[in-house]
1. Check segment B:141-154 and report whether any residue there is without any contact (Cβ under 8 Å) to a residue 60 or more places away in the chain, surrounded by 19 or more Cβ atoms within 10 Å (Cβ to Cβ) and either assigned to a loop (DSSP other than H, G, I, E, B) or within 15 Å of ligand 2 (Cβ to nearest atom) (or both).
2. Could you name every one of the strands (runs of 3 or more DSSP E) located completely within segment A:151-218 that has at least 1 residues being free of Cβ contacts under 8 Å to residues at least 12 places away in the same chain, more than 30 Å from residue A:660 (Cα to Cα) and more than 16 Å from ligand 2 (Cβ to nearest atom)?
3. Against the conditions (1) over 21 Å from the mean Cα position of the chain (by Cα); (2) within 18 Å of residue A:190 (Cβ to Cβ); (3) surrounded by fewer than 24 Cβ atoms within 10 Å (Cβ to Cβ), where does residue A:345 fall short? Just the number, please.
4. From B:86, B:104, B:79, which residue is at the interface with another protein chain (Cβ under 9 Å from one of its Cβ atoms) and touching a helix residue (DSSP H, G or I) at 6+ places or on another chain (Cβ under 9 Å)?
5. Go through the residues of segment A:257-266 one by one and say whether even a single one is within 16 Å of ligand 2 (Cβ to nearest atom) and either under 24 Å from the mean Cα position of the chain (by Cα) or in a loop (DSSP other than H, G, I, E, B) (or both).
6. From (1) within 14 Å of another protein chain (Cβ to nearest Cβ); (2) modelled with pLDDT of 95 or more; (3) buried (at least 24 other Cβ atoms within 10 Å of the Cβ), pick out the condition that doesn't hold for residue A:672.
7. Select from segment A:28-61 the residues that are under 17 Å from residue B:105 (Cα atoms) and more than 8 Å from every other protein chain (Cβ to nearest Cβ) and list them in ascending order.
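The values are calculated or read from the model by the stated rules, or taken from the named source; none is laboratory data. Every value quoted in this text rests on a predicted model; they were computed, and no experiment measured them. So basically every Cβ, Gly included, is an ideal-geometry build from the backbone, and we count neighbours across all protein chains shown.
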Ligand code: FES
Ligand code: FES
């Protein structure tokens, strides 16, 4: 089905199942520990051997000598895989650096060996007996130091142009009566999903089956096929449950490749989980940025010049963190400039983490907006409202498909009690605590992606949906069942959803908050095909047939849905594809974040007391699971504001705090009750579901709202994330 | 292909170069242990290096208990041993001879949910589900601990019975990381169960 014209009235509009806050259908399995994740497929691979990964001990250089003899002789060891013995390997389409290093080493903890043994304990012990001598080379590990060497990255579809200009930014900025020119930094961050990257590989007659934890089943399948130089059709990827990803499991990683190599070498299934201390440096991360924001405005708060430049680094062949992308679309302003510069760094490879681009970009832009509002003596909510735009500011011919940013801001302000905020910082005390309120806008684009599905109707009237879509905690199982139930007019318990298997039609997968809208639209398309076939078999006109309560009705005729499949199962398959609507209309999601913090006047300890997000993201397919996506993103936003920081050892070139104790993420005690409001919105330009994404909108702006609240509480402005005690303790106001 | 790499200890021993036998200290030591898991006795023969977590997951195939870090940093492996919650990655299986162990599988099943499991579902106190068994085991134990009058870091008056406040629950649950960030919903689920009990 090609989606080329705005959606009219369709069966989803009934909203009898879609749009309802239903419990997740995978809940009983997940809460009882009976949902099998990648490493737990004992039935599929009962005789699996265990692989343990050895990571490189230097950041850049060569292996001079790799001695695996002692490891091979260790008890229980079946094989030791290295680049020497693995056979020829290519680099997968999404990978920047080879997943198995040697002799050249490209980054710290790049995998250099896999030790396969009869038991986990034996594999781990033997891995400690691999002896490696390195020849370390000098590398670049410090973004600030490499900043002057950064160059404009090549334009591509995902990133757009590295430089954009509208009007005369420099002239307008110079002429503006009120100006802001500040630089902000965001650190390297780690996804730290709770389930480590994990895979089991099994070979049967040249066909590889991989039980793995991946967000994008097809990307993983293509990645392993390319890397092993084999036919894509000889790869079967299975990923029914994924213990979190956040961008860290978008494509083939070392666990899957090494499990496949280990299984090929031993003739046994092999299971590999990256051990936690390896993950931060072995896998991908969100790259650090340096961002300069310049704003020029008239005295009454109309932005006349808006400029945003960002510097980031990556491995040779890698890409930039696209931190300026929201600034091209979020606020009005006749004169505009954005620029991205990319330095070559020899740190582990950078890649997507929840809302790549916008998450760190909004961390800078939304502090800048707060600072500018203060210079203008304007309320920060009002300042944003004054600079709203209903069209793409770079191309006014192009309207937004829907853009209720002002409603998000006003609803949030009213709900949060924003009018009680004292704009003068450091004025509100609660015992030992300095209390402040902060806010930020939220923004993230909607991405249309082709997505396929197959639906089956059996003689009992049951519907089965098959798609290689994944559920990484996002609620895919549930919203797909809701879509099929609504389309076919059956109860939720009459729908079975099968996900995460590369033998099913290729879906959008989970990433970029594009999963829910596209995957359900693919299911919608397949269900339209199934409805037509059902109507044909029943002799009804498919155009006016109504599917509800297990019945199909047309005019005054009616038949049970199941009767259409009385002579055999009916199967329909289709995919959603998109025309030009996202080109003629800018499709984005909007929101606002409001935060109250308390800062201990003596110790500087920050406590987040209240949080509210207001989101406009098209139709909300399931308000319960969508709300969870948003509170989860808000939580990660608090982490970004206050603690998350992969610390770089700039001499030896690695992330020092590479485990879950030293890379701090929010815990229960850090997070208050969180409120989420969804605006009632349907976007007929986005898809037949009229939905957009929400899982990343929820993180965009949160960290800045926290930073702005800390400023309001204390009068201390911190422009370098995360806002830890050492960045402001000496600047706290004197305690009386 | 990777033929040379497949050479294990045996293959090397057959080679021309006589391979020295591994030093004694390398040979794994196995030991028998009886674990009473969810009311059923299991007799296991394990490598003494096997953590209680791996004994459950890899030997008994009770994979509801999760491995997030294997270092006591995340809480995904939380189980109850003789009524007390512990991180099962931080203890060896052979240290638990005869101990009564309760895992998530012992609390309830999809058809017969424990009230805490049901509350997690109705409050959507999870997303990816990987921290969830640990959260639920911890939550059950937290209510027991509060019931027993055990104070926490945030208990204002340690001579009085600790309250079932959200702050008490948050503090006590803080060893269980949820990277999906379901905390706000988890607290609501636990509070509901606590209220039902109180
Ligand atoms: S796996 Fe035991 S605490 Fe993380
Ligand atoms: S539900 Fe994913 S880590 Fe908690």
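1. Checked segment B:141-154: no residue is without any contact (Cβ under 8 Å) to a residue 60 or more places away in the chain, surrounded by 19 or more Cβ atoms within 10 Å (Cβ to Cβ) and either assigned to a loop (DSSP other than H, G, I, E, B) or within 15 Å of ligand 2 (Cβ to nearest atom) (or both).
2. Values: elements: A:163-166, A:178-186, A:198-204, A:207-212.
In segment A:151-218, the matching strands (runs of 3 or more DSSP E) lie at A:198-204.
3. Evaluating residue A:345 over (1) over 21 Å from the mean Cα position of the chain (by Cα); (2) within 18 Å of residue A:190 (Cβ to Cβ); (3) surrounded by fewer than 24 Cβ atoms within 10 Å (Cβ to Cβ) leaves (3) as the failure.
4. Numbers: B:86 fails: at the interface with another protein chain (Cβ under 9 Å from one of its Cβ atoms); B:79 fails: at the interface with another protein chain (Cβ under 9 Å from one of its Cβ atoms).
B:104 is the lone residue from the list that is at the interface with another protein chain (Cβ under 9 Å from one of its Cβ atoms) and touching a helix residue (DSSP H, G or I) at 6+ places or on another chain (Cβ under 9 Å).
5. Going through segment A:257-266, the residues within 16 Å of ligand 2 (Cβ to nearest atom) turn out to be none.
No, because not a single residue in segment A:257-266 is within 16 Å of ligand 2 (Cβ to nearest atom) and either under 24 Å from the mean Cα position of the chain (by Cα) or in a loop (DSSP other than H, G, I, E, B) (or both).
6. It fails just one condition, (3).
7. Within segment A:28-61, the subset under 17 Å from residue B:105 (Cα atoms) is A:28-37, A:40-42.
If the condition is that a residue be under 17 Å from residue B:105 (Cα atoms) and more than 8 Å from every other protein chain (Cβ to nearest Cβ), then A:41 is the only one that fits.
Conditions (1) within 7 Å of ligand 1 (Cβ to nearest atom); (2) farther than 22 Å from residue B:142 by Cβ; (3) surrounded by 23 or more Cβ atoms within 10 Å (Cβ to Cβ), marked per residue:
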position: B:41; (1), (2), (3): no, yes, no
position: B:47; (1), (2), (3): no, yes, yes
position: B:59; (1), (2), (3): no, yes, no
position: B:69; (1), (2), (3): yes, no, yes
position: B:81; (1), (2), (3): no, no, no
